[in-house]
Structures are given as C-alpha cells and as structure tokens.
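The values are calculated or read from the model by the stated rules, or taken from the named source; none is laboratory data. Quick caveat: nothing in here was measured; it's all calculated off a predicted structure. Cβ sites come from the backbone with ideal geometry, for glycine too, and all protein chains shown count toward neighbours. Each accessible area value is taken on the protein alone, full model and side chains, heavy atoms only, with ligands, DNA and RNA left out. Shrake-Rupley method; radii C 1.70, N 1.55, O 1.52, S 1.80 Å.
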Amino acid sequence: MEPIFKTVESSKVSISQLMLPSHTNFSGKIHGGYILSMLDQIAFACASKFSGNYCVTASVDTVNFLNPIEVGELVTMKASVNYVGKSSMVIGIRVESENIQTGNIKHCNSSYFTMVSKNKQGENSTVPGLILTNEKEVKRFFNCLKQIESKKERNSSDENTNFNSDEILSKLEKYNVLVELN
C-alpha cells in the first residue's frame, strides 16, 4: 500500500469561545485549568482530523501561560500538526484573547500536545506522513525533533544518575532545599 501524506494546512482547526464569569479562578482571571481543558479538546480534534482516527493525549509537552485572560474576552485557539511519527503527532496550539470592545488581541498561551492515533481495537495506528510546504512548517518540525531528542536525553540521564551520591547532593546546597535522606 502506498504511503499517504497530508499537508499541515489540512490539519488546522480553530475554535473561539467567549469567556464567562463561571470560567474564572479566585483572582477573577480565567482559570488555567479551564484553558487546559479547551487545549486538550482542540488537540484531540486536530489530531483526529489529520489521522482519521480516535486519538489520545500521550503528553502535554509544553504549556506557556504568557498573559492572563479576562472575563468577556473572546478566546481563539488555533491548532495544527507540527510533527508526525509512526502513530504519534505533536500538535502546536496558539491561544489568543480578544477584547471584543476594543479589538485588542493578545497572545496568551502556546502549547504542544503529543497525541497518539488509535484504531477501533484501541491499538496504535499509523498516521499519514506530513507534507511541509513552507519554511515555518520545516522550522516547527525541526523544533519538535529537538524537543523529542532533549526528552530522550533527560530520561536516559536520569536512569544513569545516582541521586544519593555526595557529588549530586552537594549541587543542591545553593538551592532553597533541605535534604534529609534516611
């Protein structure tokens, strides 16, 4: 069977929602947990649209809260596939809020979700290849490669480190921590 490829453009999904008082935290700003829930929904929609399958969240790799969101602002989330593996995809999401009275738009959040495509039996399912059509898409793909490599290095480094050694513990002396190992 010949491999299937799809463009980044074909994966794009956007949603907009007016922020209500019921979405606020104790300081009167929109609750980060509410935004995370919306992010997970759009990541699912984007990954499922691209893969043609049910998708699950494997990891939330980055969530950068940049600016608070106010009650009454219109929040728009834009998602696209930035990277594909065999059955996984990295979904990049940009969150903007708009003051609907002034038209002022601010960038509030950037997030990266790793989603995995599943078949009807719940097993990992191959995703289409990704067609990169411009320099921005190539850059995003390479950034995902760097992020994946960095995660592998951290995990490998942790496995080979003795966190009880004098060398490691002495590095903690400059931090606001008291180590009392049994």
*Using just the C-alpha positions of the chain as equal point scatterers, what log10 of I(q)/I(0) does the Debye formula give at each q in 0.13, 0.15, 0.19 1/Å?*
-0.80, -0.94, -1.16
*Using only C-alpha atoms and all pairs of different ones, pull out the Kirkwood radius for the stretch 1-72 in Å with one decimal.*
14.4 Å
*If eta is 0.890 mPa s and T is 25 °C, what Stokes-Einstein diffusion coefficient results for the stretch 17-114, Kirkwood Rh from Cα pairs, in µm²/s?*
176 µm²/s
*Specify the longest stretch of the chain that does not include any exposed loop site, a site being one of the chymotrypsin sites (Phe, Trp or Tyr not before Pro) with a non-H, G, I, E, B DSSP assignment and at most 16 other Cβ atoms within 10 Å.*
27-162
*Distance check, please: which entries in Lys151/Lys174; Lys6/Lys78; Lys49/Lys86; Lys29/Lys139; Lys86/Lys120; Lys29/Lys136 exceed 27 angstrom between their Cα atoms?*
Lys29/Lys139; Lys29/Lys136
*Mean shadow of the stretch 92-143, computed from the convex hull of its alpha carbons, in nm²?*
6.1 nm²
*trypsin sites (Lys or Arg not before Pro) within the stretch 108-157, DSSP loop, no more than 13 other Cβ atoms inside 10 Å*: Lys120
*Carbon/sulfur fraction of accessible area - the stretch 120-182, other protein chains in place, 1.4 Å, %*: 48 percent
*Roughly speaking, to the nearest percent, how much of the stretch 16-106's 1.4 Å accessible area is carbon and sulfur?*
54 percent
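Can you tell me the accessible area per residue over the stretch 1-112, all protein chains present, probe 1.4 angstrom, in square angstrom?
So the stretch 1-112 comes to 52 Å² accessible per residue, rounded to a whole number.
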_Under 8 Å for C-alpha pairs, at least 6 residues apart: give me the relative contact order for the stretch 23-173, rounded to a whole percent._
22 percent
*Output ³J(HN,Hα) for the stretch 96-113: one whole-Hz value per residue in order, computed from phi by the Karplus curve 6.51 cos²θ - 1.76 cosθ + 1.60 with θ = phi - 60°, and x for Gly and Pro.*
10, 10, 10, 6, 6, 8, 9, x, 5, 10, 10, 7, 10, 6, 10, 9, 9, 10
